[in-house]
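Right, one structure below, let's go through it.
The values are calculated or read from the model by the stated rules, or taken from the named source; none is laboratory data. From a predicted model like this one, the values you see are computed outputs, not experimental measurements. Cβ atoms come from the backbone with ideal geometry, glycine included; neighbour counts cover every protein chain shown. Each accessible area value is taken on the protein alone, full model and side chains, heavy atoms only, with ligands, DNA and RNA left out. Shrake-Rupley method; radii C 1.70, N 1.55, O 1.52, S 1.80 Å.
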Amino acid sequence: MEAALVATARFAADKVTILVQLDEKLKAMTGIEEKMKKLKEMSTIIDMVIQDVESHPLNNDVVKDLLRKLKYLAYDLEDVVDCYDTETSRRQRSSIVSDFFSSNNQVVFTSNISDMIQGVTNSLGSILLQKSILLNLPQSSSHMSLPYRGTHSRNTIEVVGRELEKNKIVNMLTKEDDDDDESDHGTVKVIAIVGMGGLGKTTLAQLVFNDARVKDHFASPRMWKLVGAEFDPEKIMKSVLELATGAPVNISEIELVRQNLETALSGKRFLLVLDDVWNEDPFEWGTLKAALTCGAKGSKILVTTRSLHVCSIMGSSTATHQIQQLSRDDCLSLFQQFAFGDEAPDQKLMKIGKKIVKKCDGVPLAAISLGNMLRGTRDETYWSSVLKSEIWQLRDEEQKVLAVLKWSYDTLPLRSKKCFAFGSLFPKDYMMQKDKLIKLWIANGFVSSEGNFEAETEGNRIFDDLVSRSFILLAPVQYDRRITKCTMHDLMHDLARSVSGNIYWNSIQDLVEVIGERTYHLQINEGKLPNMTQVLAKKPTYLRTFFQDKLSRLSINLHEVFSVLKFLRALNLTESGIRDIPTSIGNLIHLRHLNLYYNEIEVLPDSITLLSNLQYLNLSFNYGLRELPKELGNMQNLRDLDLVMDYKLTQIPCGLSRLTNLRSLPVFIASDKTGACSITELEDLKLYGKMGIKISHDFKNYSRSGRKILKNSDLDELHIEFGVSEGYHKDMLDDLCPNTSLKMLRISNYRSPQFPTWLIELQMPNLVVVDLGCCCGHILPFRNLQFLKKLSLGRMNGITQMVTEFHGFPDVLN
């Protein structure tokens, strides 16, 4: 181990030496192009230095300040490199933006980029004045870089040591209430699981929730709501109503919500889990409980909380289960699962492991994190150094667990660290969608393509690894299997906040006063101040992520936003009542992610096509949207263009085939209008996921080309909706010919008497769902599709009998 530490110290010294050399070369260079090459080298070295410093105990304020400067420098390096690369790319496309690189603009660009380089040089000089701090950092047991070893899926790990507790709570839930129990008459009974963070309250509640006896007793509905620090009775009522009905709730009047909730739950014996409750206000709880007394006798609320005071307020004093620490044997079993997986455990290491587990004091989160961390090495000396660490001397149990989690964090690869720390943007217990989170990681440069693997594939790998290590938790209940939701354990969120410093800000946990120039990622939550005017007043010039959550109206001049926040990578303006986007959006040259979901936009400015780095553009549920920019094909980094079918949109502009990076196009409109994109352009795209093709009413002339237009697209779902005319239907359907990966096919308004060859010959062997509506073709022998689970036929006027087609195959027909 001593040799490893010496090598590590030498490695740190080498990195500082390289930085000094780069600084000297930068000062000697005059050409911008040469300087940019050196800056790109420096970016890699700075990341390595940050990784090195973060792996040490950060108890010294001077070290913390130096680390902060290093992170600011890393951001500045990314900005200057991105700015230079973007402008260089535009120069190569100067015929498209012919006036951009006029002599005047070149002078301005050179001046701006020179100023940015000078700023980076000054920052580096300031850091190098403190290089002695970098060279004299104390060593730590977590400093060794551990090789990556595959980890378990969190869902495959056996939960141990909770059977007796599970049965106890199941009995409390399913026990019939006594008829003479006056205290519970006409009310819903509350049962609580209470204990410190990291003991597994949510895991125990999930075991109970999924127990067969509970499922039988509470046939419908069983509901799970993650509450957290913000206890808002109105929001919780809306969430419970959505869970009870399976439909979104767009009611603003609380009395109507209460009435609908009473209708949904009336006469039903329900179970509601309120996970992670912190509220100690009796009035707030009373307001919610009053709305939940409408169910049948025997309805229960199961609460998880850290506070006995919360239990008292919620009336569960006589029905409270204080979760126990795991026994040493059970904790050891859990540790072994994560440390060795399916391998036979090394007995010498397990002898050390037993002593480590003893120090975990029965806290499963600590055992899991240490097991995951030590999975990366079989070095006995390293295991021993963990056992002898000074963190075990901490008396506060949660602080001890937090220190263990920091150990585990230190062994993550740098990209995974950045992705984990991004959780600081959201408040505790915030429910995130996996795919949206990964897109935000990519937009901020934390994840990129790796070899033959695309960025989304890498993002999925990192996400799954963070889940397996318990840094991210999958939502206990996934109501829509197509959407994976996740959150963070409270202690993991505390860790994320501690390692990210003041870079992240959210309106629930932070004060407006701490927003500053170096706030890089900011979220405003529904109903919370500040508004955007107050944010801009704090001058967060370097802001990269602005994420607002369901603000009813965005009362701000967007031109001002686009003029001030020029370094934005991700901008979320969901449900902000936006009608117009100013042309100044073209200033946001760094923007990768633009979410305009659920607004009132009719037309986008042509300047949006200047956003050459934009990867994700979400325009879903802007029902008034009637046209897209004519030069959409210029946005060659676009990966997702999110639309829905029900727009006033009548065409997609031509040039789509130039978007060679496009992977998701949920809607394509085939039209004969001037400037409309030909459907054959889809042949050049490699699309994934689901897609809807809407054949416009004015599309009347199509001549068969014999091409397989969708052969390169690996689609799961395809919906084809035809217009009124009939002549071209079969020709077009013949040419579309999807990939054999297709699982769901919907065809509407198909007027030809015969289906295309690829459907007649059943060349789509993986179909699970087929939905035919208003079609005239003969029914096909779908019984030969071995994976088909659902077949829907609607308004099939040309069909007179179906006996032969469905003989021996009755279970799928609707």
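For a Förster distance of 35 Å, can you work out the FRET efficiency between the beta-carbons of LEU414 and ASP716, rounded to the nearest 0.05? Can you show the working numbers first?
Numbers: r = 33 Å, r/R0 = 0.95.
Using R0 = 35 Å, I get an efficiency of 0.60.
Taking H placed 1.01 Å from N in the peptide plane, check which residues at least 5 places from VAL667 or on another chain put their amide H under 5 Å from its amide H.
LEU643, GLY692
Using only alpha-carbon positions, what ratio does the radius of gyration of segment 663-788 give when scaled by 2.2 N^0.38 Å?
Working: Rg = 13.6 Å, N = 126, 2.2 N^0.38 = 13.8 Å.
Working it through for segment 663-788, the quotient is 0.99.
Write down the Kirkwood hydrodynamic radius of segment 211-262, to one decimal in angstroms, obtained as one divided by the mean of 1/r over all alpha carbon pairs.
Every distinct Cα pair counted, the radius reaches 12.2 Å.
Below 24 Å, Cα to Cα, which lysines can LYS388 reach? Residues fewer than 8 away in the same chain don't count.
LYS348, LYS351, LYS354, LYS355, LYS358, LYS359, LYS400, LYS406
Assign unit charges at the C-beta atoms only (+1 for Lys and Arg, -1 for Asp and Glu), then state the dipole size of the chain relative to its Cα centre in Debye, rounded to the nearest 20.
The dipole of the chain has a size of about 1220 debye.
Roughly speaking, what is the stretch gain from ARG378 to LYS235, that is 0.36 nm per residue apart minus the C-alpha to C-alpha distance, in nm to one decimal? Kindly include the intermediate steps, with their values, before the conclusion.
Details: separation 143, 0.36 × 143 = 51.48 nm, distance 4.91 nm.
46.6 nm is the gain from fully extending ARG378 to LYS235.
Using per-residue counts of other Cβ atoms within 10 Å, averaged over each peptide, order 573-581, 538-546 from highest down.
Most protected by this proxy first, the peptides run 538-546, 573-581.
To the nearest 10 Å², what's ASP716's accessible area with a 1.4 Å probe?
70 Å²
Please give the length that would be gained between THR533 and GLU242 if that part of the chain were fully extended, namely 0.36 nm times their separation in residues minus their C-alpha to C-alpha distance (nm, one decimal).
101.5 nm
Would you grab the residues whose amide H sits under 5 Å from the one on ALA475? Only those 5+ places off in sequence or on another chain, please, with H modelled 1.01 Å from N.
Result for ALA475 returns LYS485, CYS486, THR487.
So what is the calculated 222 nm ellipticity per residue for the chain, using -39500 (n - 2.57) for each DSSP H run with n of 4 or more, over all residues, to the nearest 500 deg cm²/dmol?
-12000 deg cm²/dmol
Residue separation times 0.36 nm, minus the C-alpha to C-alpha distance between GLU450 and GLN324: what's the value?
Additional length available on full extension: 40.9 nm.
How far apart, in nm, are two points set 7 Å out from the Cα along the Cα-to-Cβ line at GLU343 and at LEU129?
4.8 nm
Order the peptides 733-740, 40-47 from the highest to the lowest mean number of other Cβ atoms within 10 Å of their residues. Don't skip to the end; give the middle numbers.
Numbers: 733-740: 19.6, 40-47: 16.8.
Per-residue mean Cβ counts within 10 Å order the peptides as 733-740, 40-47.
Rounded to the nearest 0.05, what FRET efficiency do ASN250 and VAL159 have when you use their Cβ-Cβ distance and R0 = 41 Å?
0.60
What ³J(HN,Hα) values, in whole Hz, does the Karplus curve 6.51 cos²θ - 1.76 cosθ + 1.60 give for segment 593-603 when θ = phi - 60°, with x put for Gly and Pro?
Karplus values, whole Hz, x for Gly and Pro: 9, 10, 10, 10, 4, 6, 10, 10, 6, 9, 9.
Based on alpha-carbon atoms only, what is the radius of gyration of segment 319-477 relative to the globular estimate 2.2 N^0.38 Å?
Scaled against compact globular proteins, the figure is 1.14.
Assuming R0 = 25 Å, can you tell me the calculated FRET efficiency for the pair ASP61 and ASN122, based on Cβ-Cβ distance, to the nearest 0.05?
Calculated value: 0.65.
Give a residue-ordered list of calculated ³J(HN,Hα) values for segment 73-82 (Karplus: 6.51 cos²θ - 1.76 cosθ + 1.60, θ = phi - 60°; whole Hz; x for Gly, Pro).
Couplings: 5, 4, 5, 5, 4, 4, 5, 5, 5, 5 Hz.
Over the chain, how many percent of alpha carbon pairs lie in each 20 Å bin up to the one with the longest distance?
13, 40, 37, 10, 0
Put +1 on the Cβ of each Lys and Arg and -1 on the Cβ of each Asp and Glu in the chain; which of LEU292, SER470, VAL194 then has its Cα farthest toward the positive end of the dipole?
Among LEU292, SER470, VAL194, the one farthest towards the positive end of the dipole of the chain is SER470.
May I ask which of LYS38/LYS71; LYS71/LYS528; LYS38/LYS539; LYS25/LYS131; LYS168/LYS428 have a Cα-Cα span longer than 20 Å here?
The pairs that break the limit, which is 20 Å between Cα atoms, are LYS71/LYS528; LYS38/LYS539; LYS168/LYS428.
Which entries of LYS69/LYS538; LYS215/LYS417; LYS289/LYS439; LYS289/LYS417 have Cα-Cα distances beyond 29 Å here?
Correct reply: LYS215/LYS417; LYS289/LYS439; LYS289/LYS417.
Would you mind putting 422-431, 691-700, 29-38, 247-256 in packing order, based on average other-beta-carbon counts within 10 Å, highest first? Let's see the in-between values first.
On the way: 422-431: 21.3, 691-700: 19.5, 29-38: 13.2, 247-256: 10.9.
Highest-to-lowest ranking by the protection proxy: 422-431, 691-700, 29-38, 247-256.
Between LYS673 and LYS355, what is the spin-label point distance in nm, taking each point 7 Å from the Cα along the Cα→C-beta axis?
7.6 nm
Take LYS69 and ALA290, extend 7 Å from each Cα along the Cα→Cβ direction, and tell me the distance between the two endpoints in nm.
Taking the simple label geometry, LYS69 and ALA290 are separated by 5.8 nm.
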